[in-house]
1. Taking the condition of being over 27 Å from residue 142 (Cα atoms) and surrounded by 14 or more Cβ atoms within 10 Å (Cβ to Cβ), how many residues in the range 7-29 meet it?
2. So which residues in the range 17-54 are assigned to a helix (DSSP H, G or I) and either under 19 Å from residue 73 (Cβ atoms) or free of Cβ contacts under 8 Å to residues at least 24 places away in the same chain (or both)?
3. Is one or more of the residues making up the range 208-231 out of contact with any Lys or Arg (no Cβ under 9 Å at 6 or more places or on another chain), under 23 Å from residue 93 (Cβ atoms), touching a residue at least 12 places away in the same chain (Cβ under 8 Å) and not in a loop (DSSP other than H, G, I, E, B)?
4. Return the pair list, or none, for Cβ contacts closer than 6 Å from residues in the range 76-100 that are modelled with pLDDT of 95 or more to residues that are of a type in the set (Asp, Glu) and not in a helix (DSSP H, G or I), at least 6 apart or on different chains.
5. Does at least one position in the range 95-104 carry a residue that is surrounded by 14 or more Cβ atoms within 10 Å (Cβ to Cβ) and charged (D, E, K, R)?
6. Here's a check for you: in the range 1-44, which residue that is out of contact with any strand residue (DSSP E or B) (no Cβ under 9 Å at 6 or more places or on another chain), modelled with pLDDT of 95 or more and of a type in the set (Lys, Arg) is nearest to residue 133 (Cα to Cα)?
7. Could you please let me know if residue 271 is surrounded by 14 or more Cβ atoms within 10 Å (Cβ to Cβ) and aromatic (Phe, Trp, Tyr)?
8. Taking the conditions exactly as written (surrounded by fewer than 14 Cβ atoms within 10 Å (Cβ to Cβ) and either within 36 Å of the chain's Cα centre (by Cα) or of a type outside the set (D, E, K, R) (or both)), does residue 307 satisfy them or not?
Amino acid sequence: MKDRKILITGARGFVGKNLTATLLQKGYTNLYLFDREDSLEALDKYCADCDFVFHLAGVNRPQSTSEFYEGNTDFSAKLLETLKKHNNGCGVIVSSSIQALLDNDYGKSKKMGEELFLNNGLNPAYIVRLYGVFGKWSKPNYNTVVATFCYNVAHGLPLQINDPSYELTLCYIDDVIAKFVDIFENENDYTAGFFEIDTLHKITLGRLASTIQSFGKNRETLVMPNLNGLLEQRLYGTYLSYLENNDFSYPLKKNEDNRGWLAEFIKSESFGQIFISTTKPGITRGDHWHHTKVEKFFVIKGKATISFRHMITNEIIRYEVCGDNPTVVDIPVGYTHNITNTGDEEMICLFWSNQIFDPQNPDTYYTKVDL
């Protein structure tokens, strides 16, 4: 039922922005977006008409302790009071915090808000206790240390690390939104009460810092950070979201000579490196072989002949390739090989090697294919 009328409190916050974007993407367009700048008259109107509520509004970094209770407890009471005024018994997802179990003012205020919803007698409440949420659109120096570290590294600022061994428990914004939407869309399958996010990530503060710092070094070294784990993949996506609008691009070093030019693109300890070159008509590149290193050639524009000679048998093999017919050619060990532009236009080729080039141990031996 894409025509359901949905009230989102705290709609302009970190979680609210992500939830709004997801609901719109899924086809829900009747969204009542409420935030602290909006009037209670607007809240009254929304509560009279809505079919479901995502209660995300709250305060976690106030200027005074009293603001915890005003933002997390008093506003929850006002929301319930307004729903009751209109006899609106719709379901409510409450964004809470695992700190509701702790004896601090933030936790106490969230706990009191939870109890209001559990005991309201009208609206079924689905209370989701969140750990540190990270992801795009999170506010640095406010929502989470992940946002602060990502912002600082993206802007060349230092990181403050008080205890590198301190372990954080994090949850990713997409998992949070997925849980919220699943409860909303399948409310009949849920019983009012407490919920947590299924996928949690644990990482020490020191490792978090070093991981995010490795993202910032990529443009300088071209070496991709280790993205083997789900957490690392999510942190990298989050980091990139903190780049300034005028800082999405970066130049590559262009090595140019009379043959054309070549530029390294991506390097990785796990999959090697990728580079690209242009070659002028009639020009040959290569004429070398490897003991261990293997490569792939992929001509994406123009025509070329890729030639091989076996280093023992001297057997010569040639492959004709063309950018109009995408073809990858493997370069096995033990064959000296080259690539010649046989067309009338500039040839562009993408290369992959399973090793990052090591000038101290290049495993590259120059020997012509044609004797």
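The values are calculated or read from the model by the stated rules, or taken from the named source; none is laboratory data. A quick note: this is a predicted structure, and the numbers were derived from the prediction, not measured. Using ideal geometry, Cβ is built from the backbone for each residue, glycine included, and neighbour counts are taken over all protein chains shown.
1. Summing the residues that are over 27 Å from residue 142 (Cα atoms) and surrounded by 14 or more Cβ atoms within 10 Å (Cβ to Cβ) in the range 7-29 gives 1.
2. The answer is 20, 21, 24, 25, 40, 41, 42, 43, 45, 47.
3. no
4. If the second residue must be of a type in the set (Asp, Glu) and not in a helix (DSSP H, G or I), the pairs left are 90/51.
5. No: zero hits.
6. For the range 1-44, the residue satisfying everything is 17.
7. Judged against the criteria, residue 271 is a match.
8. No; evaluated as a whole, the condition is false for this residue.
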